[in-house]
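Remarks on the structure that follows.
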């Protein structure tokens with residue numbers, strides 16, 4: 001009996017950044033020989049959306065809503081950083097109450113972002129229950145922000161820290 005060996009050649013395959021398991025910001029360039037992975041090149045940082053170029057065409061207040069869209073859940077932190085940059089440049093003094101509220105919203109957003117990270121890792125490890133618990137906590141976090149702290153609905157993306165109503169504080 002003769003056994004003919006299947007002849008294969010190496011080829012490259014892109015995994016991500018659009019693949020559901022990569023969560024949008026990660027890409028792997030795989031070199032395969034048949035079904036065997038020979039080499040994997042990790043490429044990170046696919047969250048860039050050309051936002052700097054967009055900022056060149058807008059005024060400071062017009063661009064503020066775009067800053068929090070750079071992050072899925074902790075966008076408030078980007079919004080705060082943008083507002084603080086403008087305030088420092090224009091020598092604007094922010095009231096103490098507004099500073100405390102910024103820290104509060106930023107930390108609640110950071111907690112939500114970490115919960116989604118942990119829940120996504122749990123889901124990647126086939127722990128659906130871990131995902132449900134962490135995601136439920138994240139939703140409670142946002143419900144607390146929307147219903148109990150801020151009497152207006154701003155959802156996950158907000159410009160609350162840079163424009164109305166916090167700007168009146």
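The values are calculated or read from the model by the stated rules, or taken from the named source; none is laboratory data. Owing to the predicted nature of the structure, the values given are computational and were not obtained by experimental measurement. Glycine also receives a Cβ, built like all others from the backbone with ideal geometry; neighbour counts cover every protein chain displayed.
Observations on the model:
- Subset of the range 96-128 (residues that are without any contact (Cβ under 8 Å) to a residue 12 or more places away in the chain and within 12 Å of the chain's Cα centre (by Cα)): 114, 117
- The one condition in (1) modelled with pLDDT of 80 or more; (2) part of a helix (DSSP H, G or I); (3) surrounded by 12 or more Cβ atoms within 10 Å (Cβ to Cβ) that residue 129 fails to fulfil: (3)
- The residues listed here are 94, 43; of these, the one that is part of a loop (DSSP other than H, G, I, E, B) and over 24 Å from residue 140 (Cα atoms) is 94.
- Residues of the range 68-91 that are over 21 Å from residue 138 (Cα atoms) and assigned to a helix (DSSP H, G or I): 81, 82, 83, 84, 85, 86, 87, 88, 89.
- In this structure, residue 64 does not qualify as in the same structural domain as residue 110 (by TED's automatic domain parsing), in contact with a helix residue (DSSP H, G or I) (Cβ under 7 Å, 6 or more places away or on another chain), modelled with pLDDT of 75 or more and over 30 Å from residue 137 (Cα atoms).
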